[in-house]
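Worksheet: one structure, shown below.
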Amino acid sequence: MHKGWIIGALCLLLASPARAETRRRMVMVDGRRRTYWLYVPASHGPAAPLLIALHGHGGNGQMMQRLTGLDALADREGVVVTYPDGTGWHGMRPLSWNAGGCCGYAQGAGVDDLAFLRTLINDVASVVPLDRERVYVTGISNGAMLAHRAGCELPGIRGIAPVAGTLSVTTCDPAQPVSVVAFHGTADGYVPYAGGRGSRRHDDRVDLAVPEAIARWATADGCGAATADVIRNAPQRVTQRTYECPAGIGVALITIDGGGHAWPGGQRVWRFGNAPPALSADDLMWKFFEAHRRP
(Lines give C-alpha, C1' and ligand atoms only; values in the text may rest on other atoms or scores of the structure.)
Protein backbone atom coordinates (compact mmCIF):
# COMPACT_ATOMS: atom_id res chain seq x y z
CA MET A 1 0.00 0.00 0.00
CA HIS A 2 2.79 2.39 0.97
CA LYS A 3 4.78 1.44 -2.14
CA GLY A 4 1.74 2.05 -4.36
CA TRP A 5 1.19 5.49 -2.83
CA ILE A 6 4.78 6.47 -3.58
CA ILE A 7 4.53 5.25 -7.19
CA GLY A 8 1.25 7.13 -7.66
CA ALA A 9 2.71 10.33 -6.26
CA LEU A 10 5.72 10.06 -8.56
CA CYS A 11 3.50 9.54 -11.58
CA LEU A 12 1.41 12.57 -10.64
CA LEU A 13 4.55 14.66 -10.23
CA LEU A 14 5.97 13.58 -13.57
CA ALA A 15 2.65 14.21 -15.30
CA SER A 16 2.21 17.73 -13.88
CA PRO A 17 3.05 20.57 -16.29
CA ALA A 18 6.24 22.57 -15.89
CA ARG A 19 5.87 25.90 -14.13
CA ALA A 20 7.42 29.21 -15.08
CA GLU A 21 9.96 30.51 -12.61
CA THR A 22 12.41 33.32 -11.99
CA ARG A 23 15.85 32.32 -10.75
CA ARG A 24 18.65 34.54 -9.49
CA ARG A 25 22.00 33.47 -10.91
CA MET A 26 25.56 34.60 -10.33
CA VAL A 27 28.62 34.57 -12.57
CA MET A 28 32.16 35.82 -12.08
CA VAL A 29 33.50 38.31 -14.63
CA ASP A 30 36.94 39.91 -14.25
CA GLY A 31 36.93 39.08 -10.57
CA ARG A 32 33.53 40.68 -10.03
CA ARG A 33 30.46 38.88 -8.76
CA ARG A 34 27.73 39.65 -11.30
CA THR A 35 24.09 38.73 -10.91
CA TYR A 36 21.05 38.44 -13.12
CA TRP A 37 17.45 37.23 -12.92
CA LEU A 38 16.48 34.46 -15.32
CA TYR A 39 12.83 33.95 -16.30
CA VAL A 40 12.16 30.60 -17.96
CA PRO A 41 8.60 30.18 -19.30
CA ALA A 42 6.72 27.00 -18.55
CA SER A 43 6.75 26.04 -22.22
CA HIS A 44 9.51 26.69 -24.72
CA GLY A 45 10.92 24.90 -27.72
CA PRO A 46 14.01 22.70 -27.87
CA ALA A 47 16.03 25.83 -28.73
CA ALA A 48 14.53 28.94 -27.17
CA PRO A 49 15.17 32.56 -28.18
CA LEU A 50 16.82 34.76 -25.54
CA LEU A 51 15.94 38.36 -24.71
CA ILE A 52 18.24 40.33 -22.39
CA ALA A 53 16.48 43.28 -20.72
CA LEU A 54 18.72 45.98 -19.21
CA HIS A 55 17.51 48.38 -16.52
CA GLY A 56 18.23 52.10 -16.47
CA HIS A 57 20.73 53.97 -14.31
CA GLY A 58 19.68 53.59 -10.68
CA GLY A 59 17.50 50.55 -11.33
CA ASN A 60 18.08 46.81 -11.04
CA GLY A 61 16.99 43.61 -12.72
CA GLN A 62 13.88 43.08 -10.61
CA MET A 63 12.76 46.64 -11.25
CA MET A 64 13.17 46.05 -14.99
CA GLN A 65 11.08 42.90 -14.70
CA ARG A 66 8.24 44.87 -13.09
CA LEU A 67 8.57 47.88 -15.38
CA THR A 68 8.36 46.00 -18.68
CA GLY A 69 6.03 43.07 -18.00
CA LEU A 70 8.18 41.00 -20.37
CA ASP A 71 7.34 37.82 -18.46
CA ALA A 72 3.95 37.83 -20.21
CA LEU A 73 5.68 37.95 -23.60
CA ALA A 74 7.95 35.11 -22.49
CA ASP A 75 4.96 32.97 -21.55
CA ARG A 76 3.15 33.69 -24.79
CA GLU A 77 6.08 33.29 -27.19
CA GLY A 78 8.31 30.79 -25.37
CA VAL A 79 11.08 33.36 -24.92
CA VAL A 80 13.69 33.07 -22.18
CA VAL A 81 14.20 36.52 -20.61
CA THR A 82 17.05 37.72 -18.41
CA TYR A 83 17.11 40.84 -16.24
CA PRO A 84 20.75 41.56 -15.36
CA ASP A 85 21.95 43.81 -12.53
CA GLY A 86 24.41 46.62 -13.22
CA THR A 87 27.29 47.58 -10.92
CA GLY A 88 27.80 50.24 -8.26
CA TRP A 89 30.58 51.30 -5.93
CA HIS A 90 31.24 48.32 -3.63
CA GLY A 91 28.00 46.82 -4.94
CA MET A 92 25.89 49.70 -3.66
CA ARG A 93 23.30 51.67 -5.59
CA PRO A 94 22.91 53.42 -7.92
CA LEU A 95 23.66 50.58 -10.33
CA SER A 96 24.74 51.48 -13.84
CA TRP A 97 26.12 50.16 -17.14
CA ASN A 98 29.26 51.06 -19.06
CA ALA A 99 27.73 51.98 -22.40
CA GLY A 100 30.78 53.82 -23.70
CA GLY A 101 29.82 57.47 -23.20
CA CYS A 102 27.55 56.77 -20.23
CA CYS A 103 26.97 56.18 -17.29
CA GLY A 104 27.81 56.50 -13.60
CA TYR A 105 30.08 54.16 -11.67
CA ALA A 106 30.25 51.50 -14.39
CA GLN A 107 31.60 53.90 -16.99
CA GLY A 108 33.97 55.63 -14.58
CA ALA A 109 35.40 52.32 -13.36
CA GLY A 110 35.66 50.88 -16.87
CA VAL A 111 33.47 47.88 -16.02
CA ASP A 112 33.46 45.37 -18.90
CA ASP A 113 29.72 44.91 -19.28
CA LEU A 114 30.13 43.33 -22.71
CA ALA A 115 32.11 40.53 -21.07
CA PHE A 116 29.30 40.22 -18.55
CA LEU A 117 26.67 39.87 -21.28
CA ARG A 118 28.81 37.32 -23.12
CA THR A 119 29.25 35.29 -19.92
CA LEU A 120 25.54 35.62 -19.12
CA ILE A 121 24.53 34.20 -22.51
CA ASN A 122 26.82 31.21 -22.02
CA ASP A 123 25.53 30.69 -18.48
CA VAL A 124 21.90 30.71 -19.63
CA ALA A 125 22.80 28.23 -22.37
CA SER A 126 24.18 25.89 -19.71
CA VAL A 127 20.73 25.52 -18.12
CA VAL A 128 18.30 26.22 -21.00
CA PRO A 129 18.75 25.14 -24.64
CA LEU A 130 19.06 28.37 -26.67
CA ASP A 131 18.73 29.29 -30.32
CA ARG A 132 21.95 31.26 -30.80
CA GLU A 133 20.50 32.80 -33.97
CA ARG A 134 17.81 34.51 -31.87
CA VAL A 135 19.64 36.40 -29.14
CA TYR A 136 18.32 39.94 -28.61
CA VAL A 137 19.00 42.85 -26.25
CA THR A 138 16.63 45.55 -25.08
CA GLY A 139 16.90 48.15 -22.37
CA ILE A 140 15.78 51.55 -21.14
CA SER A 141 17.86 54.71 -20.74
CA ASN A 142 21.41 53.70 -19.69
CA GLY A 143 20.36 50.11 -20.43
CA ALA A 144 19.25 51.13 -23.93
CA MET A 145 22.67 52.67 -24.48
CA LEU A 146 24.31 49.39 -23.52
CA ALA A 147 21.93 47.60 -25.89
CA HIS A 148 23.25 49.86 -28.66
CA ARG A 149 26.83 49.09 -27.66
CA ALA A 150 26.17 45.35 -27.47
CA GLY A 151 24.78 45.43 -31.00
CA CYS A 152 27.87 47.29 -32.20
CA GLU A 153 30.53 45.26 -30.41
CA LEU A 154 29.22 41.91 -29.22
CA PRO A 155 29.16 39.23 -31.95
CA GLY A 156 26.10 36.99 -31.88
CA ILE A 157 23.53 39.67 -31.06
CA ARG A 158 20.87 39.48 -33.79
CA GLY A 159 18.70 42.41 -32.80
CA ILE A 160 18.36 45.25 -30.32
CA ALA A 161 15.40 47.31 -29.10
CA PRO A 162 16.61 50.45 -27.28
CA VAL A 163 13.93 52.37 -25.37
CA ALA A 164 14.61 55.99 -24.35
CA GLY A 165 18.33 55.71 -25.05
CA THR A 166 20.77 56.59 -27.81
CA LEU A 167 24.07 55.44 -29.26
CA SER A 168 26.90 56.50 -26.94
CA VAL A 169 29.95 54.96 -28.62
CA THR A 170 31.87 56.94 -31.22
CA THR A 171 32.10 54.10 -33.75
CA CYS A 172 29.71 51.26 -34.50
CA ASP A 173 31.05 48.53 -36.74
CA PRO A 174 29.15 45.30 -35.98
CA ALA A 175 30.65 42.00 -37.08
CA GLN A 176 27.33 41.17 -38.77
CA PRO A 177 24.15 43.11 -39.55
CA VAL A 178 21.96 43.73 -36.49
CA SER A 179 18.24 44.48 -36.65
CA VAL A 180 17.28 47.58 -34.67
CA VAL A 181 13.91 48.91 -33.54
CA ALA A 182 14.12 51.93 -31.24
CA PHE A 183 11.41 53.64 -29.18
CA HIS A 184 11.74 57.27 -28.08
CA GLY A 185 9.54 60.15 -26.93
CA THR A 186 10.05 63.65 -28.27
CA ALA A 187 9.64 65.17 -24.77
CA ASP A 188 12.28 62.99 -23.09
CA GLY A 189 14.09 65.23 -20.60
CA TYR A 190 16.81 62.72 -19.71
CA VAL A 191 17.94 61.54 -23.16
CA PRO A 192 16.76 64.26 -25.57
CA TYR A 193 15.23 63.04 -28.81
CA ALA A 194 17.00 65.83 -30.72
CA GLY A 195 20.27 65.29 -28.86
CA GLY A 196 22.23 67.58 -26.56
CA ARG A 197 22.04 67.95 -22.77
CA GLY A 198 18.99 66.62 -20.98
CA SER A 199 16.90 69.31 -19.27
CA ARG A 200 16.16 66.99 -16.34
CA ARG A 201 19.77 65.92 -15.79
CA HIS A 202 22.48 67.61 -13.76
CA ASP A 203 25.52 66.54 -15.77
CA ASP A 204 27.24 67.86 -18.88
CA ARG A 205 26.82 64.78 -21.08
CA VAL A 206 25.86 65.58 -24.65
CA ASP A 207 23.76 62.88 -26.30
CA LEU A 208 23.58 62.00 -29.97
CA ALA A 209 20.21 62.77 -31.55
CA VAL A 210 18.12 59.61 -31.70
CA PRO A 211 17.22 59.87 -35.43
CA GLU A 212 20.94 60.26 -36.18
CA ALA A 213 21.77 57.18 -34.10
CA ILE A 214 19.26 55.09 -36.05
CA ALA A 215 20.48 56.51 -39.35
CA ARG A 216 23.98 55.33 -38.41
CA TRP A 217 22.58 51.85 -37.81
CA ALA A 218 20.93 51.94 -41.22
CA THR A 219 24.28 52.77 -42.79
CA ALA A 220 26.09 50.04 -40.84
CA ASP A 221 23.46 47.50 -41.94
CA GLY A 222 23.62 48.49 -45.60
CA CYS A 223 20.08 49.88 -45.67
CA GLY A 224 18.68 52.44 -48.09
CA ALA A 225 15.95 55.05 -48.00
CA ALA A 226 13.39 55.33 -45.22
CA THR A 227 9.63 55.78 -45.20
CA ALA A 228 7.46 57.07 -42.35
CA ASP A 229 4.03 55.82 -41.33
CA VAL A 230 1.62 56.82 -38.59
CA ILE A 231 0.85 53.79 -36.44
CA ARG A 232 -1.23 55.55 -33.79
CA ASN A 233 -3.01 58.90 -33.74
CA ALA A 234 -4.50 59.47 -30.29
CA PRO A 235 -4.01 60.46 -27.58
CA GLN A 236 -0.32 60.59 -28.57
CA ARG A 237 0.72 60.45 -32.19
CA VAL A 238 3.14 57.60 -32.88
CA THR A 239 5.09 57.27 -36.12
CA GLN A 240 7.42 54.58 -37.41
CA ARG A 241 10.33 55.41 -39.70
CA THR A 242 11.42 52.23 -41.49
CA TYR A 243 14.51 51.78 -43.64
CA GLU A 244 14.78 49.57 -46.71
CA CYS A 245 17.26 46.89 -45.67
CA PRO A 246 18.61 43.58 -46.98
CA ALA A 247 16.54 40.45 -46.40
CA GLY A 248 16.41 39.37 -42.78
CA ILE A 249 17.51 42.78 -41.45
CA GLY A 250 15.34 45.64 -40.21
CA VAL A 251 16.00 49.15 -38.91
CA ALA A 252 13.18 51.32 -37.57
CA LEU A 253 12.54 54.22 -35.21
CA ILE A 254 9.22 54.49 -33.39
CA THR A 255 8.66 58.08 -32.28
CA ILE A 256 6.11 59.05 -29.63
CA ASP A 257 5.08 62.70 -29.92
CA GLY A 258 5.16 64.26 -26.47
CA GLY A 259 6.38 61.02 -24.92
CA GLY A 260 8.70 61.15 -21.93
CA HIS A 261 11.44 58.93 -20.53
CA ALA A 262 9.30 55.81 -20.45
CA TRP A 263 8.65 52.22 -21.49
CA PRO A 264 5.59 52.17 -23.79
CA GLY A 265 2.94 49.98 -22.25
CA GLY A 266 4.99 49.45 -19.09
CA GLN A 267 4.37 50.16 -15.43
CA ARG A 268 5.41 53.39 -13.79
CA VAL A 269 8.55 52.62 -11.77
CA TRP A 270 10.59 55.44 -10.21
CA ARG A 271 10.98 58.18 -12.88
CA PHE A 272 9.86 56.00 -15.78
CA GLY A 273 6.30 56.81 -16.79
CA ASN A 274 4.30 59.02 -19.18
CA ALA A 275 4.05 56.50 -22.02
CA PRO A 276 1.03 55.44 -24.10
CA PRO A 277 -0.47 52.51 -22.18
CA ALA A 278 -2.07 51.11 -25.34
CA LEU A 279 1.27 51.01 -27.18
CA SER A 280 3.22 47.91 -26.18
CA ALA A 281 6.97 48.08 -26.73
CA ASP A 282 7.07 44.39 -25.74
CA ASP A 283 4.75 43.29 -28.54
CA LEU A 284 6.11 45.65 -31.18
CA MET A 285 9.73 44.69 -30.63
CA TRP A 286 9.01 40.99 -30.71
CA LYS A 287 6.93 41.24 -33.90
CA PHE A 288 9.80 43.22 -35.43
CA PHE A 289 12.40 40.64 -34.44
CA GLU A 290 10.26 37.78 -35.74
CA ALA A 291 9.61 39.61 -39.02
CA HIS A 292 13.35 40.09 -39.59
CA ARG A 293 14.78 36.68 -38.87
CA ARG A 294 17.61 35.82 -41.20
CA PRO A 295 16.77 33.45 -44.07
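The values are calculated or read from the model by the stated rules, or taken from the named source; none is laboratory data. Predicted model, so just to flag it, every value in this text is computed and none were measured. Virtual Cβ from ideal backbone geometry, glycine too; neighbours counted across all protein chains shown. Only protein heavy atoms, including side chains, enter the accessible area calculation; ligands, DNA and RNA are left aside. Shrake-Rupley method; radii C 1.70, N 1.55, O 1.52, S 1.80 Å.
How many percent of DSSP beta bridges within the chain run antiparallel, rounded to 5?
DSSP beta bridges in the chain are roughly 55 percent antiparallel.
Which percent of the accessible heavy-atom area of the chain goes to carbon and sulfur, probe 1.4 angstrom?
53 percent
Which value, in Å² rounded to 10, gives the accessible area of residue 89 with a 1.4 Å probe and all protein chains present?
150 Å²
At a Förster radius of 35 Å, what calculated FRET efficiency corresponds to the Cβ-Cβ distance of residue 204 and residue 30, to the nearest 0.05?
0.75
Can you give me the Rg/Rh ratio for region 108-230, using Cα atoms for both radii and the Kirkwood formula for Rh?
On the Cα set of region 108-230, Rg over Rh gives 0.99.
Mind jotting down the three principal axis lengths of the chain based on Cα atoms? Whole angstrom, largest first.
The principal-axis extents, from largest down, are 75, 44, 38 Å.
Counting helices only, and only those DSSP H runs with n ≥ 4, report the 222 nm mean residue ellipticity of the chain as the sum of -39,500 (n - 2.57) divided by its residues, in deg cm²/dmol to the nearest 500.
Result for the chain, helices only: -8000 deg cm²/dmol.
Between residue 239 and residue 23, 0.36 nm times their residue separation minus their Cα-Cα distance comes to what?
74.0 nm
With springs connecting C-alpha atoms under 10 Å apart, model the chain as a Gaussian network and identify which of 31, 189, 143 has the largest mean-square fluctuation.
Taking springs between Cα atoms under 10 Å, the residue moving most is 31.
At residue 257 and residue 112, where each label point lies 7 Å from the Cα along Cα→Cβ, what is the point-to-point distance in nanometres?
If labels sit at residue 257 and residue 112, their model points lie 4.8 nm apart.
Just the accessible area per residue of region 36-182, please: how many Å² with a 1.4 Å probe?
30 Å²
If you fit an axis through the alpha-carbon atoms of helix 210-220 and take the longest principal axis of the Cα set of the chain, what angle between them do you get, 0 to 90°, nearest 10?
So the inclination is approximately 70 degrees.
What are the principal axis extents of the Cα atoms in region 90-140, in Å, biggest first?
Extents along the principal axes, in whole Å: 35, 21, 17.
Using a 1.4 Å probe and counting only protein heavy atoms, arrange 186, 68, 170 so the residue with the most accessible area comes first.
170, 186, 68
Please list 3J(HN,Hα) in residue order for region 240-250, calculated via the Karplus relation 6.51 cos²θ - 1.76 cosθ + 1.60 where θ = phi - 60°; whole Hz, with x for glycine and proline.
10, 9, 10, 8, 7, 10, x, 4, x, 10, x
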